[in-house]
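A.B. asks: I have a structure I would like to understand better, so I am pasting it below and will then ask my questions one at a time.
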Amino acid sequence: MARGTGIAKRSPDYIRQKMREGKAVIAFTEDGVWAGFCYIETWSHGGYVANSGLIVSPLFRKSGLAKQIKRKIFDLSRTTYPEAKIFGLTTGLAVMKINSDLGYEPVTYSELTQDDAFWAGCKSCVNYEILMGKDRKNCMCTAMLYDPKDHYEPEETTQEFKRHSKLYERFMRIKQWKLLAPFRKNHGENQGSGGNGGRGGGRSRSLFHTFFHF
């Protein structure tokens, strides 16, 4: 099964260890057919938790299973690490919606764990060069966070996502275009675009700059 953009590669032994520790959710049908998986990772001495490696078998996609798995792994994280901040990185609007339904909010990368071990896990991602080129302040993924000590109710974050989903989608496209621009230029694909002339020095700081940290 192909690994998607933004999913860090993990060894089979690492995954097996998560299952042995009870830090994984595995979905099966009543007939014993594997359907999906997700696991828990902890960072910064347990101060941060990531629900990682969410994957659903092609046979069961678009059935609502991903949302069910995310809910189960979220509840397991809250039970096992009640004081930890739960965060995630995603390039997909569908995952953003699922996270919003659980109470996550979009945040800047500075609000995530600064544990070097976490960011080292991104080395296997195709976008790692972009991440490091931005000093770990931004990348193709959107950062989302649930803070147990300071958070909105899921109903509020769900409504907020519904109100701004089109804006998020547009921002994600613009973000990807902006982050990939230097690479296009290096390959001669940005010729005649006028360079950086569009960045007016007197332009006010917008939501675009604040949210995507350009």
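The values are calculated or read from the model by the stated rules, or taken from the named source; none is laboratory data. Keep in mind it's a predicted model, so treat the numbers as computed, not measured. Quick reminder, even Gly has a Cβ in these numbers, built from the backbone with ideal geometry, and neighbours come from all protein chains shown.
A.B. asks: Check the stretch 115-123 and report whether any residue there is in contact (Cβ under 8 Å) with a residue 12 or more places away in the chain and in contact with a Pro (Cβ under 8 Å, 6 or more places away or on another chain).
C.D. replies: Checked against the condition, which is being in contact (Cβ under 8 Å) with a residue 12 or more places away in the chain and in contact with a Pro (Cβ under 8 Å, 6 or more places away or on another chain), the stretch 115-123 yields no hits at all.
A.B. asks: Select, from Y14, Y81, Y48, the only residue that is modelled with pLDDT under 95 and among the aromatic types (F, W, Y).
C.D. replies: Criteria check complete, one pass: Y14.
A.B. asks: Give the stretch 124-148 a look and list any residue that's of a type in the set (D, E, K, R) and either in contact (Cβ under 8 Å) with a residue 24 or more places away in the chain or surrounded by 12 or more Cβ atoms within 10 Å (Cβ to Cβ) (or both), or say none.
C.D. replies: Within the stretch 124-148, E129, K134, R136, K137, D147 qualify.
A.B. asks: Still on this model: Name every residue in the stretch 158-175 that is β-branched (V, I, T) and either at pLDDT 75 or above or in a loop (DSSP other than H, G, I, E, B) (or both), in order of residue number.
C.D. replies: Within the stretch 158-175, T158 is the sole residue that qualifies.
A.B. asks: Looking at Y48, Y109 in this structure, which one is within 27 Å of G22 (Cβ to Cβ), in contact with a strand residue (DSSP E or B) (Cβ under 8 Å, 6 or more places away or on another chain) and buried (at least 16 other Cβ atoms within 10 Å of the Cβ)?
C.D. replies: Every option except Y48 fails the conditions.
A.B. asks: Just give me the residues in the stretch 122-157 being assigned to a helix (DSSP H, G or I) and either more than 17 Å from F74 (Cβ to Cβ) or within 17 Å of the chain's Cα centre (by Cα) (or both), in sequence order.
C.D. replies: Keep residues of the stretch 122-157 that are assigned to a helix (DSSP H, G or I), which gives 122-124, 128-133, 154-157.
Result: C122, K123, S124, Y128, E129, I130, L131, M132, G133, T157.
A.B. asks: Residue under question is A8, and the condition is that it be at pLDDT below 95, of a type in the set (A, V, I, L, M) and either surrounded by fewer than 17 Cβ atoms within 10 Å (Cβ to Cβ) or touching a Pro at 6+ places or on another chain (Cβ under 7 Å) (or both); does it hold? Step through it out loud before you land on a result.
C.D. replies: On the way: at pLDDT below 95: yes; of a type in the set (A, V, I, L, M): yes; either surrounded by fewer than 17 Cβ atoms within 10 Å (Cβ to Cβ) or touching a Pro at 6+ places or on another chain (Cβ under 7 Å) (or both): no.
No.
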